[in-house]
Amino acid sequence: MENLWSQWRSKYIEGFKNPTENEECFICGAINDLENDKDRLVVARFDNCIVIINRYPYNAGHILIAPKRHTGDFNELNEIEMLEIFKVQQMVLKSLEKIMKPQAFNLGVNLGRIAGAGVPGHIHFHTVPRWSGDTNFMPVLADIKIVSQSLDDLQELLSKEFAELRTK
């Protein structure tokens with residue numbers, strides 16, 4: 001088996017620094033900034049979690065779900081947070097299925113920097129839509145990742161879809 005490397009992703013991960021005591025992580029920044037959901041790519045807010053579009057996606061439609069409480073320890077999540085995150089995960093899947101019509105999904109969480117967590121201090125769950133043939137030679141040969149949809153447009157579409165799902 002041959003390995004294909006996506007160097008662009010490691011540069012992104014290495015570019016993160018641990019926030020100092022006076023700095024907040026981008027997730028907490030989005031949670032605390034109630035006025036700039038579009039700029040922060042916030043899709044929806046819930047009592048215990050937030051849904052954000054990944055600014056550096058593996059694929060179009062790459063979504064993050066994070067608890068509002070700042071913790072990097074999976075074992076510190078309480079039952080209310082876990083239940084809400086997984087209920088919201090179902091909403092994310094339904095929304096992406098309706099809007100983007102992917103053929104499959106990758107769901108996951110990276111616990112700790114060594115596991116690939118770009119923000120190890122604030123746990124977040126990834127949802128990555130997948131399509132047959134969605135990987136190609138561009139990241140390997142040209143160090144370019146092609147994302148076929150505007151993040152701003154996607155934020156608007158998903159926000160509307162979440163608002164509609166909440167009324168059902």
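Since every read-out is calculated from the coordinates, none of them should be taken as a lab result. None of the values given here were measured: they were computed from a predicted structure. Because the Cβ atoms are built from the backbone with ideal geometry, glycine has one as well, and the counts that use them run over all protein chains shown.
Here the gap between residue 90 and residue 69, fully extended at 0.36 nm per residue and compared with their Cα-Cα distance, gives a gain of 5.5 nm. Listed from fewest to most Cβ neighbours within 10 Å, the set 71, 167, 127 follows the order 167, 71, 127. Taking square-rooted eigenvalues a ≥ b ≥ c of the alpha carbon gyration tensor, is segment 48-111 rounded, prolate or oblate, where a/c under 1.5 means rounded and, failing that, a/b exceeding b/c means prolate? In terms of gyration-tensor shape, prolate. Our note on the geometry: Cα centres of segment 28-42 and segment 68-141, 18 Å apart.
Sort 150, 132, 95 so that the residue with the fewest other Cβ atoms within 10 Å of its own Cβ comes first and the one with the most comes last.
In increasing order of surrounding Cβ atoms, one gets 132, 150, 95.
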